[in-house]
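First the structure, in the form of structure tokens, and then the observations on it.
The values are calculated or read from the model by the stated rules, or taken from the named source; none is laboratory data. Since we're looking at a predicted model, the values are computed, not measured. Methodologically, a virtual Cβ is constructed for each residue, glycine included, from the backbone with ideal geometry; neighbour enumeration extends over all protein chains shown. Calculation scope for accessible area: heavy atoms of the full protein, side chains included, ligands and nucleic acids excluded. Shrake-Rupley method; radii C 1.70, N 1.55, O 1.52, S 1.80 Å.
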Amino acid sequence: METMRERFVSTTQSLLGSDPRLAVVLADISADAFEPARRQYPRRVINVGIREQLMISVAAGLALEGLRPVVHSYTPFLIERPYEQIKLDLCHQDVGAVLVSIGASYDWAAGGRTHQAPGDVALLDALPGWTVHVPGHPEEVETLLRAALPGRDRVYLRLSLQTNAAPHSLVPGRFEVVRRGRRGTVLAVGPMLDGVLSAVAGQDLTVLYAATVRPFDAKTLLATLSEPSIILVEPFLEGTSAHAVTSALTHLPHRLLSVGVGRAELRRYGTAQEHEAAHGLDARGLRERITSFLNA
Amino acid sequence: MPTPTPSLPYEELGRLLSRMTGAEKHAPSATSTLDVLWVLYDQILRVSPTCLDDPERDRFVLSKGHGPMAYYAVLAAKGFLPLQELARFGAYDALLGHHPDRVLVPGVEVGSGSLGHGLPIAVGMALGLRIQERFRPRVAVLLGDAEMDEGSNHEAIAVAGRMGLDALTAIVIDNQSASHGWPGGLAGRFASEGWHAETVSGRDHAALARALSLPRRGRPQAVIATVEPKG
């Protein structure tokens with residue numbers, strides 16, 4: 001199956017032809033994949049080499065000149081290494097960009113800690129004005145990217161090799177009601193949906209699917225709430241969206257189970273599936289934690 | 001908003017600086033950047049308070065955002081700022097903070113304060129001009145020799161040189177304040193990355209104006225402006 005990254009590259013290349021504001025900024029990662037686009041649009045596909053601070057600053061300069069920068073790298077090198085450039089060169093200057101990462105929390109588990117960035121969404125969440133998309137399927141990448149590119153705002157797309165089996169027809173920014181139940185609500189973020197559906201089979205729970213976590217669609221969460229027991233399942237740092245849930249339910253006594261990637265460094269290699277299981281994010285781990293929460 | 005004042009002469013800059021510092025007298029030479037800023041806004045940059053949105057204007061970036069009083073004084077002298085704002089320097093609801101903010105201050109292209117951001121952003125601005133085939137405007141960036149310690153500047157210098165960004169001019173005020181110095185001088189650092197680089201007195205208006213008026217030759221340009229060592 002086509003990967004999210006492949007769909008990102010092909011969609012971006014096609015949009016470079018129709019939108020003269022669009023410019024891609026790279027720091028070597030995926031430069032090969034963008035080479036055909038660079039040959040076609042040599043001034044608008046810019047590879048600065050392995051210089052991630054400059055990559056973000058250049059995007060800011062392009063945005064100040066009215067262009068729409070798309071900035072792409074592996075998650076830790078896109079978000080963590082140039083974090084001050086994101087804070088000052090984009091947010092403080094009050095300009096926008098579309099940041100697109102690959103690697104997610106542990107796509108390349110054998111790559112070790114240097115290539116894992118489960119804290120990326122929490123870091124962006126500490127800054128103002130970010131829309132954060134966590135697509136669960138390559139089709140959704142195209143939908144969300146096409147929605148993001150015409151704007152001038154700050155958008156983050158977090159791509160992963162982990163996907164759901166089928167795409168969902170998204171309304172960007174809205175949670176999708178996958179099914180309704182009476183004992184509480186599970187909010188499954190991006191690629192976690194299939195595992196969540198498997199884990200809660202037979203449970204009388206509402207399942208919401210979020211391919212966009214910021215802004216947080218509190219309206220749909222509230223409108224579909226049966227019982228104020230919420231289970232948040234995120235493919236990044238555990239509890240990243242917990243404050244958004246509690247903020248939505250300030251007026252209501254509620255219970256919240258946050259499931260996500262643990263804060264402690266796992267210090268293991270292997271596969272993404274092994275890391276998922278270690279963090280209790282596989283179907284079995286999810287089933288155990290959700291059942292225990294509901295029966296507590 | 002009061003009407004901006006017409007252009008004031010160089011001799012008035014000391015008085016404008018005093019409005020911010022509260023000192024009775026302020027010698028322009030006490031501020032390392034003042035002469036370079038004056039020459040830029042008086043003779044070099046094609047920008048005025050009436051053309052802030054003109055895509056053909058020249059862009060100026062104060063990368064060295066510390067101690068922006070000289071910058072504010074020159075902007076006020078040239079009519080970008082109401083003079084009365086100077087006395088409100090650093091107040092809660094002032095336009096002028098201890099580091100400049102582009103969102104608040106008319107004529108400020110890039111907000112700065114944390115060192116090593118202005119030149120890299122200016123590389124993006126120069127690339128943006130090139131993409132849009134705007135070949136007339138230039139992007140002038142003012143840095144300090146101590147600011148050159150920041151690694152991010154060296155990412156920018158290398159790429160600007162390789163890409164031949166001749167819209168870009170870096171002016172480095174050298175008051176020998178870098179903790180570990182720059183053996184051989186800063187001009188060599190730029191030249192080795194393909195920039196045109198020269199060193200002039202940062203107090204000599206004629207020499208600065210000449211250095212900043214060279215025709216473009218397909219390379220970015222660096223002017224190292226030496227001033228008295230920081231005391």
Checklist entry - For A:E238, what accessible area in Å² do you get when you roll a 1.4 Å probe over the heavy atoms of the protein chains, rounding to the nearest 10? => result 80 Å²
Checklist entry - Taking Cα atoms of segment B:94-231, Rg/Rh with Kirkwood Rh, to two decimals? => result 0.96
Next on the checklist: Let me check against my output: what whole-number percent is the relative contact order of segment A:4-158, with C-alpha pairs under 8 Å and at least 6 apart?
Outcome noted: 24 percent
Checklist outcome for this item: Relative to the compact-globule estimate 2.2 N^0.38 Å (N residues), the Cα gyration radius of segment A:4-158 stands at a ratio of 0.94
Checklist entry - Relative contact order (percent) for chain A, with alpha-carbon contacts under 8 angstrom and 6 or more residues of separation? => result 16 percent
Checklist outcome for this item: Averaged per residue, the 1.4 Å probe accessible area of the protein assembly as shown, protein heavy atoms only, in Å², is roughly 39 Å²
Checklist entry - Other chains near B:156-169: what is the mean number of their Cβ atoms within 10 Å of each residue's Cβ? => result 2
Next on the checklist: Based on alpha-carbon centroids, what's the gap between segment A:168-245 and segment B:22-99 in Å, whole number please?
Outcome noted: 51 Å
Checklist entry - Do you know the relative contact order of chain B, to the nearest whole percent, from alpha carbon pairs under 8 angstrom that are 6+ apart? => result 20 percent
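Within chain B, what is the longest stretch that has no GluC sites (Glu not before Pro) placed in a DSSP loop and near at most 10 other beta-carbon atoms within 10 Å?
Numbers: sites that count: B:E24, B:E133.
Longest run free of exposed loop sites: B:25-132.
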Item to check | Percent antiparallel among DSSP beta bridges (both partners in chain A, rounded to 5) | outcome: 10 percent
Checklist entry - Once you have the alpha carbon radius of gyration of chain A, what is it after dividing by 2.2 N^0.38 Å, with N set to its residue count? => result 0.99
Checklist entry - When all C-alpha to C-alpha distances in chain B are sorted into bins of 10 Å, what percent of pairs does each bin hold, rounded to whole numbers? => result 8, 35, 38, 17, 2
Checklist entry - Counting only the heavy atoms of the protein chains, how much of B:R134 is accessible to a 1.4 Å probe, in Å² to the nearest 10? => result 70 Å²
Checklist entry - Just by accessible area at a 1.4 angstrom probe, what is the order of B:S48, A:S229, A:S292 from largest to smallest? => result A:S292, B:S48, A:S229
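For the protein assembly as shown, what does -39500 (n - 2.57) per DSSP helix run (n ≥ 4), summed and divided by total residues, give at 222 nm, in deg cm²/dmol to the nearest 500? Please report the intermediate quantities before stating the final value.
Values: 17 runs with 154 residues, N = 527.
Mean residue ellipticity at 222 nm (helix-derived): -8500 deg cm²/dmol.
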Checklist entry - Taking the highest mean first, how do the peptides A:127-133, A:59-65, A:16-22, A:193-199 order by number of other beta carbon atoms within 10 angstrom per residue? => result A:59-65, A:193-199, A:127-133, A:16-22
Checklist entry - Total Å² of accessible surface buried at the A-B contact, 1.4 Å probe, nearest 100? => result 2200 Å²
Checklist outcome for this item: Each residue of A:47-54 has, on average, a number of other protein chain C-beta atoms within 10 Å of its C-beta equal to 6
Next on the checklist: Could you compute how much accessible surface B:K78 exposes when probed at 1.4 Å, giving the result in Å² to the nearest 10?
Outcome noted: 40 Å²
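Averaged over peptide B:146-155, how many Cβ atoms belonging to another chain are found within 10 Å of each residue's Cβ?
Numbers: counts 0, 0, 0, 0, 1, 3, 10, 2, 2, 11.
Mean partner-chain Cβ count within 10 Å for B:146-155: 3.
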Item to check | Reciprocal mean inverse distance between Cα atoms of the protein assembly as shown - Kirkwood radius, Å | outcome: 25.1 Å
Next on the checklist: Explain nothing, just the number: dipole magnitude of segment A:176-295 about its Cα centre with +1 on each Lys and Arg Cβ and -1 on each Asp and Glu Cβ, in debye rounded to the nearest 20.
Outcome noted: 240 debye
Item to check | Electrostatic dipole magnitude of the protein assembly as shown [Cβ: Lys, Arg +1; Asp, Glu -1; Cα centre; debye, to 20] | outcome: 500 debye
Checklist entry - Once all Cα-Cα distances of segment A:94-148 are split into 5 Å bins that start at 0, what whole-number percent is in each one? => result 4, 15, 24, 22, 21, 11, 3, 0
Checklist outcome for this item: quick shape note, segment A:162-296: Cα extents on principal axes in Å, largest first -> 42, 35, 29
